Amino acid sequence: MSTNISTAATMPQISYTVTFPEAQAHYADVEMTISNLKQNTLVLKVPVWTPGSYLIREYAKNVEAFSVSAKGNILPFIKTRKNWWSINTQGEKDITIKYRVYCNEISVRTSTVDASHAFISTLGFFMYPEGMLHDASTIHIIPYDGWSKVSTSLAMVNNDPFTVTAPNYDILFDSPIEVGNQDVFGFKAAGVDYEVAMFGTGKYDKERLKKDMAKIVEQETAVYGENPNKRYVFIVHNYAKSGGGLEHLSSTVLGAARDTYASETGYQGFLSLVAHEHFHLWNVKRLRPIALGPFDYDNENYTTDLWIAEGFTAYYEDIILRHAAIIPVDNYLNVLGNDINSVENQAGRKFQSVTDASYDAWIKAYRPNENSANTTISYYSKGSVIAMLLDLEIINDSNAKYSLDDVMRHMYDEYYKGKERGYTDVEFKQGLEKYAGKNLDDFYSKYVYGVDDIDYNTYLGYAGYKITDALVANNDPSLGVTTSTANNKITVTSVLRGGAAWAAGINTDDQIVTVNGTPIANIQDVLTGRKPGDKITINVNRDGQPITLQATLVKNALVKYKIESVDNPTQQQLTVRNKWLKL
């Protein structure tokens with residue numbers, strides 16, 4: 001025991017003090033102290049990306065006024081990379097680093113500071129010493145005038161909510177902090193204490209939220225058989241327009257429009273977001289692709305399995321609401337139909353597989369351009385649809401003994417708890433095959449590695465459902481463009497692959513002036529009174545020059561699928577249906 005105490009006493013001690021002397025101008029000041037240093041050179045880093053959001057975001061751009069001192073004397077430093085500060089410690093054991101962080105980007109992954117509150121996205125906020133990712137740190141927050149609360153999953157020190165500690169940097173970077181006067185309420189579910197911290201006004205019913213969020217927690221815990229947290233925090237930011245979420249190990253950050261709770265559709269949409277991000281505390285934060293941890297905070301971390309990490313979670317976000325009896329069956333089938341429509345109406349589904357979409361998230365998913373719809377597919381939406389297919393396949397093939405839930409629980413137990421590592425592509429496929437009771441090479445070839453058209457009716461048919469296209473009989477014409485209108489000018493914003501405009505050579509940023517010599521007020525004027533096969537002359541302004549193009553209108557290829565029951569479903573179909581939807 002004395003050896004451990006002695007060793008601890010000589011380890012580097014790291015602490016931060018955060019103040020907000022100019023909160024109104026979106027600044028936070030950080031004073032970092034490191035004691036018991038032994039090296040002559042110390043490199044401090046700011047991560048370049050946030051786990052769960054696969055894009056290099058260059059958080060170091062927000063750091064200002066960096067300085068280092070020891071015993072009142074300034075120490076020299078140089079920047080050796082965009083996010084690295086190399087310090088000559090000159091043999092000093094105890095040093096102080098000061099820097100400011102500009103925080104004025106409202107999102108679930110970036111820090112925001114103003115006179116009303118501070119949201120600290122810890123990963124882009126706290127510098128860390130190279131080689132010390134496993135070291136503990138303490139954070140002391142001195143609040144801005146009038147702020148009275150702190151909400152975070154980090155543990156308090158001496159019951160002081162304004163002083164918290166992290167056992168290592170992976171935990172610190174996975175634990176956002178909300179400071180201000182947020183509305184805090186809580187509930188208990190699955191043996192875990194839950195805190196909800198609401199920033200911003202909103203017409204939410206706290207009692208209803210507590211009841212429904214608890215149902216979600218219980219249902220998701222049932223999938224995995226345990227809830228690994230003792231405490232969990234929902235940080236919710238309510239703005240006029242907001243959305244999205246970012247998962248963490250023991251907390252999550254959600255964005256919501258403040259009026260979203262006022263309608264049933266909006267309220268259910270918020271609960272779907274709650275279910276999605278909370279499901280991540282298992283799927284991706286603990287049960288994860290092998291490439292996603294330990295993290296390299298300096299570079300991209302590539303995986304082909306985001307269709308599982310995000311896509312499966314997107315599937316569960318809605319079916320959990322059904323299993324919890326929060327939404328009726330018809331509502332769930334409508335949501336599922338919309339998910340299918342989002343996939344089938346994306347031209348890029350024929351050109352990018354979900355594994356490629358996962359791997360290229362860093363360069364494509366978060367950097368869309370005017371041609372993205374033609375070349376990419378969302379690993380969220382396509383992954384969700386694939387999860388639905390696999391769920392129905394497993395339920396049907398096992399005569400309703402198993403479902404996708406069993407796969408998720410098995411993989412969680414086998415890899416997170418048992419092997420204490422992530423899974424490989426092959427290992428996850430093996431987990432699916434274990435409960436499907438058959439080889440899934442053909443399924444993977446078509447739908448995971450490939451871009452084949454999905455046979456929805458076969459899979460939905462297992463549960464006695466079918467899809468029908470409400471637009472199948474339509475003969476509406478299409479030019480195959482999206483446009484924006486400003487100052488009475490109609491500008492092309494995207495061109496659909498294989499559409500009439502694509503063939504005619506219409507470009508994005510073209511301004512449509514006339515059709516068959518007649519000025520148009522909106523894009524609908526191009527189509528009114530016309531049918532597929534009609535030829536039209538379009539005059540556009542391209543880079544200030546008039547151009548005349550000939551186009552042949554084609555049939556609008558959009559689909560609008562609806563899921564409905566087959567006539568007289570068999571007993572086997574009803575058995576699958578009951579298992580799938582928990583009727």
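Every number here is computed from the coordinates shown, using simple stated rules; none is lab data. Because the structure is a prediction, the values reported are computed rather than measured. Cβ atoms come from the backbone with ideal geometry, glycine included; neighbour counts cover every protein chain shown.
Annotation for the range 78-179: trypsin sites (Lys or Arg not before Pro) lying in DSSP loop with at most 15 further Cβ atoms inside 10 Å of their Cβ are Lys82, Lys93. Counted by Cβ distance under 9 Å from Glu277, the other residues give a net charge of -2, where Lys and Arg count +1 and Asp and Glu count -1. Where (i) 87, 62, 45; (ii) 107, 62, 47; (iii) 82, 66, 45 are the candidate values, the label of the one calculated here for Cα extents along the principal axes in Å is (iii). Fully extending the segment from Asp509 to Asp453, taken as 0.36 nm per residue of separation minus the present Cα-Cα distance, adds 17.0 nm. In percent, rounded to a whole number, the relative contact order of the chain is 10, using alpha-carbon pairs under 8 Å and six or more apart. Placing +1 on the Cβ of every Lys and Arg and -1 on the Cβ of every Asp and Glu, with no other charges, gives the range 336-384 a dipole of roughly 60 debye about its Cα centre.
Summing Lys and Arg as +1 and Asp and Glu as -1 over all other residues whose Cβ lies under 14 Å from the Cβ of His140 gives a net charge of -3.
Treating only the Cβ of Lys, Arg, Asp and Glu as charged (+1, +1, -1, -1), what charge dipole size does the range 10-144 show about its Cα centre? Round to the nearest 20 debye.
With only Lys, Arg, Asp and Glu charged at Cβ, the dipole is about 380 debye.
In terms of surrounding Cβ atoms within a 10 Å radius of their Cβ, Val113, Val515 rank from fewest to most as Val515, Val113. Counting only other residues whose beta carbon sits under 12 Å from that of Pro477, what net charge do I get with K and R as +1, D and E as -1? Net of charged neighbours comes to +2. In a fully extended conformation the segment linking Asp330 and Phe351 would gain 4.3 nm over its present Cα-Cα distance, using 0.36 nm per residue. Taking a ≥ b ≥ c as the square roots of the eigenvalues of the alpha carbon gyration tensor, the range 127-257 is oblate, as a/c is not under 1.5 and a/b does not beat b/c.
Annotation: lysines with alpha-carbon distance below 16 angstrom to Lys210 (same-chain offsets under eight excluded): Lys188. Distance from the Cα centroid of the range 149-183 to that of the range 513-560 is 57 Å (rounded to whole angstrom).
Taking amide H as placed 1.01 Å from N in the peptide plane, Glu105 has its amide H under 5 Å from the amide H of Val113, each at least 5 places away in sequence or on another chain. For the range 272-404, just say rounded, prolate or oblate: build the C-alpha gyration tensor, square-root its eigenvalues into a ≥ b ≥ c, call rounded for a/c under 1.5, and beyond that prolate if a/b exceeds b/c, oblate if not. Oblate, because a/c is 1.5 or more while a/b does not exceed b/c.
Prolate is the label for the range 430-488, because the ratio a/c of its alpha-carbon gyration tensor axes (a ≥ b ≥ c) is 1.5 or higher and a/b is greater than b/c.
For the range 225-262, the list of trypsin sites (Lys or Arg not before Pro) that fall in a loop by DSSP and count at most 16 other C-beta atoms within 10 angstrom reads Lys230, Lys241. Counting only whole DSSP H helices of the chain, the ones at least 18 Å long by C-alpha along their axis and with mean Kyte-Doolittle hydropathy no lower than 0.0 are 381-397.
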